[in-house]
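The values are calculated or read from the model by the stated rules, or taken from the named source; none is laboratory data. Because the structure is predicted, anything quoted here is derived from the model rather than measured. Cβ: placed from backbone, ideal geometry, glycine included. Neighbour counts: every protein chain shown. The accessibility values were calculated without ligands, DNA or RNA, using every heavy atom of the protein model including side chains. Shrake-Rupley method; radii C 1.70, N 1.55, O 1.52, S 1.80 Å.
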Amino acid sequence: ASGHLSLLDNRFVVTTRTGHVTAAQGGRVDISGTSFEIPNVQIKRAPARVRLKTSSTITAVLSLLNEEPFRFLDKAGQLVTLADGRAALGGTLDFLLIKDLQPEEVAFDVTGRLEDVRSETLVPGRVLNAAALDVRATKEDLVVSGDGRIGQVPFNGRFRAELAPDSGGQSDVRGWIEISERFADEFRIGLPPGSLTGAGRGQIEIDFEKGAPGAFRLTSTLAGVGLRLPQLGWSLSPGATGELEVSGRLGEPPSLDRVRIAAGGLSARGTVALRPDGQLDRASFTRVQVGDWIDAPVELVGRGAGAVPLVRVLGGSIDLRQTSLAGGGDNAAQGRRNAGGPVSLILDRLQISEGIALT
């Protein structure tokens, strides 16, 4: 570094005109404009302040934050290589000039901007991209927020990692994400092709614990989203609303431990299992109600990429006065196109007409 030093009226200041620190990973951190100040050098164990101004790769600044004795990234259960891009940061560090200074004795508040961000680890198994994100770091936590994309899916969110010594490496994501066909494709949630039209928003929560896949919960009113399940003769227009809840754990593939939907006369609750390649293995719903024509446990069994799932009705009742089980549609040709998958029925009751039922 080069710059100037002053000692005037017991106030000591070193200011860099130009300078850098070489991080263990990520290259140099430019510290031009950074200063170090002791307000009164006559005080023993005097308070001191660093006024930071840095520019570097994201990896380089995270690498410095992970140096001894702080190890902030290790405590948060994250790698210093968690994101690529550029970081411009500024803030303060306050501490006493004492021997064997401990991490908890340093107060810091650093804010800044991350640009051209790309991460394959913030959301495990997915690539996150953002033109710009805001960041703030204090003794308590590291917070990154802004707009971006997970794969091709737009989102706005906030990532928070706890930095306190007793945090256990916990972190979380809160925000919204687009609900659309590209969401279903990116997260491979097992819906048949063409099931989603339009676009809406879902509120997303992801909680991470050190060494474990993230636990997530997605909720949505489905406003702006069109849904269509021709195998059940059901659809929801983009102008209608309802309730959707999906929760489980991220991973390859993700696990969907709870799926609940109530919209457009459809009510269903169950779980979804995916194959290692992300294709639908089995969606098991303990009770599916569609209008007045079906009230039964239902399974959708995957038959490979692009194939309409097998529908298995495992009890309950169906009223043929309300449906032909042809898959729905406004005309016979549409019905034939939608009815491409097999249907297996093991019913308690099949109502055929007003006076005829099979039990």
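I need the full set of residues from the stretch 126-170 which are part of a strand (DSSP E or B), in contact (Cβ under 8 Å) with a residue 60 or more places away in the chain and not charged (D, E, K, R), in order please. The answer is Ala137, Leu142, Ala161.
What do you reckon, is Asp147 at pLDDT 95 or above, among the acidic types (Asp, Glu), surrounded by fewer than 17 Cβ atoms within 10 Å (Cβ to Cβ) and farther than 16 Å from Leu250 by Cβ? Against the criterion (at pLDDT 95 or above, among the acidic types (Asp, Glu), surrounded by fewer than 17 Cβ atoms within 10 Å (Cβ to Cβ) and farther than 16 Å from Leu250 by Cβ), Asp147 qualifies.
Picking from residues in the stretch 1-25 that are surrounded by 14 or more Cβ atoms within 10 Å (Cβ to Cβ) and part of a strand (DSSP E or B), the one that is farthest from the chain's Cα centre (by Cα) is Phe12.
Only a single criterion out of (1) within 21 Å of Arg228 (Cα to Cα); (2) modelled with pLDDT of 90 or more; (3) aliphatic (A, V, I, L, M) is not satisfied by Ala339, namely (2). Consider the stretch 41-56 and keep the residues that are open to solvent by less than 50 Å² (accessible area, probe 1.4 Å) and not small (Gly, Ala, Ser). The one that is nearest to Gly112 (Cα to Cα) is Thr54.
In this structure, Gly198 does not qualify as assigned to a loop (DSSP other than H, G, I, E, B) and within 29 Å of Ala240 (Cβ to Cβ). Within the stretch 272-292, can one find any residue that is open to solvent by 20 Å² or more (accessible area, probe 1.4 Å), acidic (Asp, Glu), part of a strand (DSSP E or B) and under 29 Å from Gly214 (Cα atoms)? There is at least one residue in the stretch 272-292 that is open to solvent by 20 Å² or more (accessible area, probe 1.4 Å), acidic (Asp, Glu), part of a strand (DSSP E or B) and under 29 Å from Gly214 (Cα atoms). Per the listing Asp100, Asp94, the residue uniquely of a type outside the set (S, T, N, Q) and in a loop (DSSP other than H, G, I, E, B) is Asp100.
Thr59 passes every criterion in (1) within 13 Å of Ser119 (Cβ to Cβ); (2) part of a helix (DSSP H, G or I); (3) at pLDDT below 90; (4) not small (Gly, Ala, Ser) apart from (3). The listed residues are Ser247, Ser235, and the only one of them that is open to solvent by 40 Å² or more (accessible area, probe 1.4 Å) and not in a helix (DSSP H, G or I) turns out to be Ser235. Selection within the stretch 26-40: residues that are more than 19 Å from Arg113 (Cβ to Cβ) and of a type outside the set (Val, Ile, Thr). The member of this set that is surrounded by the fewest Cβ atoms within 10 Å (Cβ to Cβ) is Asn40.
Results for (1) touching a Lys or Arg at 6+ places or on another chain (Cβ under 6 Å); (2) under 30 Å from Gln152 (Cβ atoms); (3) crowded, with 16+ Cβ neighbours inside 10 Å, shown as yes or no for each residue.
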residue	(1), (2), (3)
Thr59	no, yes, yes
Asn66	no, no, yes
Gln78	no, yes, yes
Ala87	no, yes, yes
Asp100	no, no, no
Asp109	no, no, no
Ser119	no, yes, yes
Val135	no, yes, yes
